[in-house]
1. For the stretch 176-191, indicate whether the set of residues that are modelled with pLDDT of 95 or more, loosely packed, with under 13 Cβ neighbours inside 10 Å and farther than 24 Å from residue 373 by Cα is non-empty.
2. Any chance you could count how many residues in the stretch 301-333 are assigned to a helix (DSSP H, G or I) and either more than 27 Å from residue 361 (Cβ to Cβ) or not assigned by TED's automatic domain parsing to the domain that holds residue 255 (or both)?
3. Restricting attention to the stretch 363-379, report how many residues are near the ligand (Cβ under 6 Å from one of its atoms) and within 21 Å of residue 344 (Cα to Cα).
4. Take the residues in the stretch 199-209 that are within 14 Å of the ligand (Cβ to nearest atom) and part of a strand (DSSP E or B), then tell me which one is surrounded by the most Cβ atoms within 10 Å (Cβ to Cβ).
5. Does the stretch 197-215 contain any residue that is closer than 28 Å to residue 378 by Cα and among the small types (Gly, Ala, Ser)?
6. Within the stretch 221-247, how many residues are modelled with pLDDT of 95 or more, within 13 Å of the ligand (Cβ to nearest atom) and buried (at least 20 other Cβ atoms within 10 Å of the Cβ)?
7. Which residue pairs have Cβ atoms under 6 Å apart, sit 6 or more places apart or on different chains, and have a first residue in the stretch 21-36 that is within 12 Å of residue 94 (Cα to Cα) and in contact (Cβ under 8 Å) with a residue 40 or more places away in the chain and a second that is of a type in the set (A, V, I, L, M, F, W, C) and crowded, with 16+ Cβ neighbours inside 10 Å?
8. Given (1) away from the ligand (no atom under 16 Å from the Cβ); (2) under 22 Å from residue 40 (Cα atoms); (3) surrounded by 15 or more Cβ atoms within 10 Å (Cβ to Cβ); (4) acidic (Asp, Glu), where does residue 309 come up short, assuming only one miss?
Amino acid sequence: MPQASADNLRFPPPVLPEAAEDLRAEVRAFLADSAGEEAWRPNSDFGAGFSPEFSRRLAAKGWIGMTWPKKYGGAERSNLERYTVTEELLAAGAPVFAHWIADRQSGPLLLRFGSEAQRTAILPRIASGECFFSIGMSEPDSGSDLASVRTRAERVAGGWRINGAKVWTSNAHVNHFMIALCRTGEAGEDRHGGLSQFLIDLKHDGVAINPIVNMLGAHEFNEVVFDEVEIPEDRLIGGEGDGWRQVTSELAYERSGAERFLSNFHIFRALVDEIGATPDAHQAAALGRLTSRLWTLRSMSLSVAAMLEAGESPDVEAAIVKDLGNRFERDVVETARAVIDVQPGAMAGGNAADFPSLLAEAVLRQPSFTLRGGTTEIMRSIIARGLGLR
Ligand SMILES: Cc1cc2nc3c(=O)[nH]c(=O)nc-3n(C[C@H](O)[C@H](O)[C@H](O)COP(=O)(O)OP(=O)(O)OC[C@H]3O[C@@H](n4cnc5c(N)ncnc54)[C@H](O)[C@@H]3O)c2cc1C
């Protein structure tokens, strides 16, 4: 076995620029104004808050695509300023999911690998909160092992013909585009060749979107079937055969954000409120432990954001934040069940805001946290490889 080493593992203490703290005050004022709107009932998972109207209001503030060049509708702010905006939105339980994927990863992917025509056509629409994206990676027999995707794109006159199926596609029924990872050639010896990414209009003829209802009874993800879907040549993103390299860089955006430990922050906040100002010793110790973990996670996550801002690739550090963050989210729910004498409430169509109902939602959502964006085992494999343990 190779010598294990943590030498390359770094979490330099992050320093937020002054501009980020100024922005924080502005975001809090905006959120205080917006609170109480019907579309914004804080819930048990940030992924459940889908409000195109709220996204457009954020866009009007310049808070979608905010790190992108101005010529594509961005605001040329830093990643740390973006981090400040996203953590405030998550902490407030705001309905951010409509624009989240496009802002976090599809837009940055197009900025990095897309053609000038793709950037000009799509990025300003994302930044104005008018265009939402789905991730088309997982397939019925291919989730963790993305190299095995079988959805096929074949060259035809003037473009590509796509056949196959994606699964667990969040919000494909309400979004505009998917970036789909497809097979365009042979895998080669390292299994990573022959994959390419395509921009697919989800309203295109031949794209069937079949609902998958989750354990809450909610329709949030889908199976998406492509039956002889013909798309023009210019829907290829980046180079033919470069899909693996591109998709791996996309995963770095997906795994390193504050949503990996703040996605159910509202439950933590509700737990603190429910316990009130006079906790017993057991409750005080439990809240103290959770709070210290939360603060440590935030520092680690900010540290990763600062490294990304500096152009580094902290893949192992990001995997550690996701693994520890998802465990924290799970423990918030378990702690709530352990320290408060409350039975998770009867489900009320996913609309009740009282603590027992929120806790019931949280219990049912909790298993998905360690699946989406890569499972625990996959995160730990990345960490083990980074530490030289395998
Ligand atoms: C709420 C939610 C939203 C999602 N949204 C999307 C989306 O929008 N787009 C999208 O493309 N996907 C989406 N997914 C899918 C998600 O990315 C996959 O579920 C995940 O990557 C795991 O893939 P799988 O379900 O095929 O499980 P599998 O890969 O079949 O894994 C099954 C089990 O085997 C373990 N395992 C697999 N390989 C290894 C290995 N090499 N070593 C050790 N253990 C291993 C896994 O950890 C897991 O426990 C979503 C999932 C959820 C829960």
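1. No, the stretch 176-191 contains no residue that is modelled with pLDDT of 95 or more, loosely packed, with under 13 Cβ neighbours inside 10 Å and farther than 24 Å from residue 373 by Cα.
2. Count: 14.
3. 1
4. Checking each candidate, the answer is 200.
5. no
6. Here the count works out to 3.
7. Between residues of the stretch 21-36 that are within 12 Å of residue 94 (Cα to Cα) and in contact (Cβ under 8 Å) with a residue 40 or more places away in the chain and residues that are of a type in the set (A, V, I, L, M, F, W, C) and crowded, with 16+ Cβ neighbours inside 10 Å, the close pairs are 27/85; 31/92.
8. That leaves (2) as the condition not met.
The values are calculated or read from the model by the stated rules, or taken from the named source; none is laboratory data. All figures in this text were calculated on a predicted structure; none of them were measured in a lab. Cβ atoms come from the backbone with ideal geometry, glycine included; neighbour counts cover every protein chain shown.
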